[in-house]
Amino acid sequence: MAIVFRQETFRDDFTYRNSPGNIRRFPFPFDRDEYMYSVNMEPHVRGQAGTVYESLIDVDEHYVAEMQDRALVLKEDPLRYQALPHMMAAQWDTLELLMEEQAAGYPEHFTLIRNGDRWRWINRPLGIDDTFTFGDRSTLPYDPFEYITRQAQGDFCIVDQRDGNLWMDAGMVTTQADWSLDFDIGMNFMEWHGPVPLAHQIGVFDRALKFLLKLQLGKPTRRFNWTMTINPRLDTSPENYHKWGPDRTTVTPDNVGEKVHLRVELQSLWRLPRSNAILFVIRCYLISMNELVTVPKWARRLHRVLKTLPPELVDYKGLTRYRDNTIAWLSKHDDGAPTSPGIFPD
Amino acid sequence: MSGGLAIAVRVSRIDTVAANIKRFRLVRHDGEPLPVFSAGAHVIVTMDDDGHRRRNPYSLMSAPHDTSGYDISVLRVAESRGGSAFLHEKLREGDALTISHPVNLFHADKRGRKHILLAGGIGITPFLAMMAEFDRANVAFELHYAMRSREHGAYWQELVERYGAHRVKLYFSAENDVLPVASLLHNQPLGTHAYVCGPDRMTDFVLRTARECGWPKSNVHSERFLAPISGKAFDAELLRSGIVVRVGDHESILEAVEAAGIDAPYMCRGGACGQCETAVVACNGVLAHHDVYLSEEEKASGRKVMICVSRFDGTKLSLDL
């Protein structure tokens, strides 16, 4: 079924909204009433229709607007895209993966025709129809990684594997929860996770790294991460902190429903064939509190998660200023009834 | 399945390439292309030897971008546990096998400005794929290839023809040629990476010499696949499964566990990758660690064992499986 792409903004007048159907498919990340870090990875396999697992690279009604927002971010700050020179094979791996998955999941919107090394890529929502030579950088208007990630929702990092570690050696990062590719590029797995509280002490990163180093071709894996954002703003980068940081002081008991958003990252990790690197897809989904409480189970559970969140996480996720207002607002939607297991709506 | 997605293949061609070495070309059973891979990768080949299932890792030696088939080379080892004997003596062209997706534990560092490859005997196989990749990308490399004799060495003639004598140096021990490891490693430009694949003694010597020459650890790479070592049979109690398996003289714990119908995780089956790491709950005896994955402290602690290659000698072994 063809997706109806919304016209909307993630800045200035913030016209981003989820349609009722899109709310039901929101990837609510909490499978119980409290939250703590864990190595919460599971195989990234296709799931039911009407969920974000329908395709392994999810495309939804926000696709066109998100790609327009990415183009604006890159125009203002080209360093949001970077790739170190030894990552060219991984760039082509990524282009192949994203084209194959988008074409397989959404044949009415994307078509890939391969004729040896001569490829034709048709992206109907963005009006693109390009023919190029796979492996020949000069036949595309951008680096292959930049080219395809200007046409795919989510942030993308390619990590190189060497010396028993993973290295952040390429990225397209414009929809991030307050981290900077320009700062992290070239860092290893432990270095770029340095600022995360509590998780290091309980060994989460040692176990996660061990697991990822053994990630196998054809067996991608996924996990959730989450935070909250004021206004539906995709680009909450350190570089633009002056634009979005002050938003956090604007939450009042009356505007929680429209201002406060749950921000969920569906992260999927893929071993790449030619380069042996790993593609890290960080797909961001935003939902306002007004939208979220239309699913009673999620309203009850988010209220309980926020109430019991350890103070270190409240600070690290930047919720300190508006957490109390949000809990008070959500409490009106929590009657204390038990919640069903799992993440999906009842 | 625990070892990754399986691919059904057929042997399209078998060639004898040297004394005791055969090359096997594997193509997909359904005629589709095989996955592209990265040089240095191996696959696990699963064989059905008259109802006895055998699984061995073999490096892919064909060009990584050639998806029409994979080539592997197999040395017939005298004290074969069954795998190389089966491939050499029973397998025929047209026969079916199952392989895993490629797994790479021996990848080239793509930042390297120059790559020195040190091969001993059958250890040449991963380098064949690496050289194809370096040559295609126009990256500087040298191969130093030590063999017993001209008859025992595989591919050396065609390698000299393809890449030139300036890039391919040969050493035959039967002719008293010795690979000059020390002088080779002593004087290399910054940004050079060295790779060794061969018998254990050669690998140990190269790693030690590199260290003595002041090479950074991150610039020296090695791959050793250790075949499971034979030994006295013993029992292993699998606590989660609630059974006891008998591990035979020529069998690994992993093989015994699989024979009992339990799907234990594995990847390289050679003690290198860490995937089959298993917690030891009780151990009344001595664990014989044969892997290169666990640290010395971990081995000494007796709390973990790599069940693809390691053994046990004692009265009681209980595993978290």
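Using heavy-atom solvent-accessible surface (probe 1.4 Å) with all chains present, what is the largest-first order of B:His186, B:His144?
Accessible-area ranking of B:His186, B:His144, largest first: B:His186, B:His144.
Select from A:Ser288, A:Ser138, A:Ser331 the residue whose mean-square fluctuation is largest in a Gaussian network model of chain A (Cα-Cα springs shorter than 10 Å).
A:Ser138
Taking beta carbons within 10 Å but only from partner chains, what does the mean come to for residues B:37-47?
Details: counts 4, 12, 2, 1, 3, 0, 0, 0, 0, 0, 0.
Taking all residues of B:37-47 together, the mean is 2.
Go through the stretch A:205-222 and flag every residue whose accessible area shrinks by 30 Å² or more with all protein chains in place compared to the isolated chain (probe 1.4 Å).
Listed in order, they are A:Lys210, A:Lys214, A:Gln216, A:Leu217, A:Lys219.
Bin all alpha-carbon pair distances of the stretch B:234-319 at 10 Å intervals from 0 and give each bin's fraction as a whole percent.
Bin by bin from 0 Å, the calculated values are 19, 58, 23, 0.
Could you tell me the largest-minus-smallest coordinate of the C-alpha atoms of chain B on each of the three principal axes, in descending order and whole angstroms?
60, 48, 36
Which value, in debye to the nearest 20, gives the size of the charge dipole of the stretch B:1-105 about its Cα centre, when Lys and Arg are +1 and Asp and Glu are -1 at the Cβ?
With Lys and Arg at +1 and Asp and Glu at -1, about 160 debye.
Give me the tail of P(r) for the protein assembly as shown as a percent: Cα-Cα pairs with distance above 41 Å.
36
So, with a 1.4 angstrom probe, what is the percent of accessible area on chain B that is carbon and sulfur?
With neighbouring chains kept in place, the figure for chain B is 48 percent.
Kyte-Doolittle cut-off -0.5, length cut-off 24 Å along the helix's own axis using Cα: show which whole DSSP H helices in chain A pass.
Both cut-offs are met by A:88-105.
Take the Cα radius of gyration of the stretch B:113-201 and divide it by 2.2 N^0.38 Å, with N its residue count; two decimals is plenty.
For the stretch B:113-201, the normalised Cα radius of gyration is 1.03.
Placing unit charges on C-beta atoms (Lys and Arg positive, Asp and Glu negative, everything else neutral), compute the dipole magnitude of the protein assembly as shown about its Cα centre in debye, rounded to 20.
600
Any residues in the stretch A:129-164 that have 30 Å² or more less accessible area with all protein chains than in their chain alone, probe 1.4 Å, and which are they?
When all protein chains are present, A:Gln161, A:Arg162, A:Asp163 each give up 30 Å² or more of accessible surface.
Chains B and A: buried accessible surface, both sides, probe 1.4 Å, rounded to 100 Å²?
When B and A are taken together, about 1800 Å² of accessible area is lost.
Kindly report the accessible area of the protein assembly as shown per residue (heavy atoms of protein chains, probe 1.4 Å, no ligands, DNA or RNA), in Å².
Accessible surface, normalised per residue, equals 42 Å².
Starting from the Kirkwood radius over alpha-carbon pairs of chain A, derive D by Stokes-Einstein at 20 °C in a medium of 1.002 mPa s and give it in µm² s⁻¹. Let's see the in-between values first.
Details: Rh = 20.9 Å.
Translational D for this selection: 102 µm²/s.
Would you work out which of A:Ser180, B:Ala63, B:Ser318 lies farthest towards the positive end of the dipole of the protein assembly as shown? Charges go on Cβ: Lys and Arg +1, Asp and Glu -1.
Of the listed residues, the answer is B:Ser318.
What are the radius of gyration and Dmax of the stretch B:6-104, computed over its Cα atoms and given in Å?
12.5, 36
Near A:Lys317, which lysines are there with a Cα under 17 Å away, not counting those fewer than 8 places off in the same chain?
A:Lys259, A:Lys307
Which FRET efficiency, nearest 0.05, do A:Asn240 and B:Glu297 yield, Cβ-Cβ r, R0 51 Å?
It comes out at approximately 0.65.
Which of B:His42, B:Gly31, B:Val9 sits farthest toward the positive end of the charge dipole of the stretch B:9-61, with +1 on the Cβ of Lys and Arg and -1 on the Cβ of Asp and Glu?
B:His42
Say we join alpha carbon atoms closer than 10 Å with springs in a Gaussian network model of chain A; which of A:Lys243, A:Lys214, A:Lys259 then has the biggest fluctuation?
A:Lys214
Under a Cβ-Cβ cut-off of 11 Å, what is the net charge of the residues other than A:Tyr53 that fall near it, where Lys and Arg count +1 and Asp and Glu count -1?
So the surrounding residues net to 0.
Of B:Val74, B:Val103, B:Val280, which is the most mobile in a GNM of chain B whose springs link Cα atoms less than 10 angstrom apart?
Greatest mean-square fluctuation among the candidates belongs to B:Val280.
When you look at the Cβ of every residue in B:98-111, what mean number of other chain Cβ atoms sits within 10 Å? Please list the in-between numbers first.
Values: counts 0, 0, 3, 6, 6, 6, 6, 4, 1, 6, 2, 4, 13, 8.
Partner Cβ neighbours, averaged per residue: 5.
Quick one: Karplus J couplings for the stretch B:64-79, per residue in order, coefficients 6.51, -1.76, 1.60, θ = phi - 60°, nearest Hz, x for Gly and Pro?
So the Karplus estimates, Gly and Pro as x, are x, 8, 7, 9, 6, x, 10, 10, 10, 10, 10, 8, 6, 8, 4, 9 Hz.
Excluding same-chain residues fewer than 8 positions from A:Lys210, which aspartates and glutamates have a Cα within less than 13 Å of its Cα?
A:Asp163, B:Glu277
Run down the lysines and flag those whose C-alpha is under 19 Å from the C-alpha of B:Lys22, throwing out any fewer than 8 positions away in its chain.
Candidates past the 8-residue exclusion: B:Lys90.
Arrange the residues A:Ile230, B:Ile262 by how much accessible surface each exposes, largest first, with a 1.4 angstrom probe.
B:Ile262, A:Ile230
Roughly what % of DSSP beta bridges within chain B run antiparallel, to the nearest 5?
DSSP beta bridges in chain B are roughly 65 percent antiparallel.
Report ³J(HN,Hα) in whole Hz for each residue of the stretch B:250-262, in order, from the Karplus equation J = 6.51 cos²θ - 1.76 cosθ + 1.60 where θ = phi - 60°; Gly and Pro get x.
Coupling constants for the stretch B:250-262: 10, 10, 8, 4, 4, 5, 5, 5, 5, 4, 7, x, 9 Hz.
In nm, to one decimal, how far is the A:Phe183 label point from the A:Asp12 one, both placed 7 Å along Cα→Cβ?
Taking the simple label geometry, A:Phe183 and A:Asp12 are separated by 2.8 nm.
Given the stretch A:136-264 reduced to its alpha-carbon atoms as identical point scatterers, what log10 I(q)/I(0) does the Debye formula return at q = 0.09, 0.20 Å⁻¹?
Once normalised to I(0) and log-transformed, intensities are -0.36, -1.34.
Report, to the nearest whole %, how much of the accessible area of the stretch A:189-319 belongs to carbon and sulfur atoms, 1.4 Å probe, protein only.
In the stretch A:189-319, the share of accessible area belonging to carbon and sulfur is 57 percent.
With only Lys, Arg, Asp and Glu charged, each at its Cβ (+1 for the first two, -1 for the last two), find how big the charge dipole of the stretch A:20-331 is about the Cα centre; round to the nearest 20 debye.
The dipole magnitude comes to about 880 debye.
Per residue of A:273-284, what is the mean number of Cβ atoms on other protein chains within 10 angstrom of that residue's Cβ?
So the per-residue partner count for this stretch is 3.
The values are calculated or read from the model by the stated rules, or taken from the named source; none is laboratory data. Treat the numbers as computed from the prediction; the structure is a model and nothing was measured. Here Cβ is always computed from backbone atoms with ideal geometry, including for glycine, and neighbour counts include all displayed protein chains. Protein only, heavy atoms only, side chains kept; ligands, DNA and RNA dropped before computing areas. Shrake-Rupley method; radii C 1.70, N 1.55, O 1.52, S 1.80 Å.
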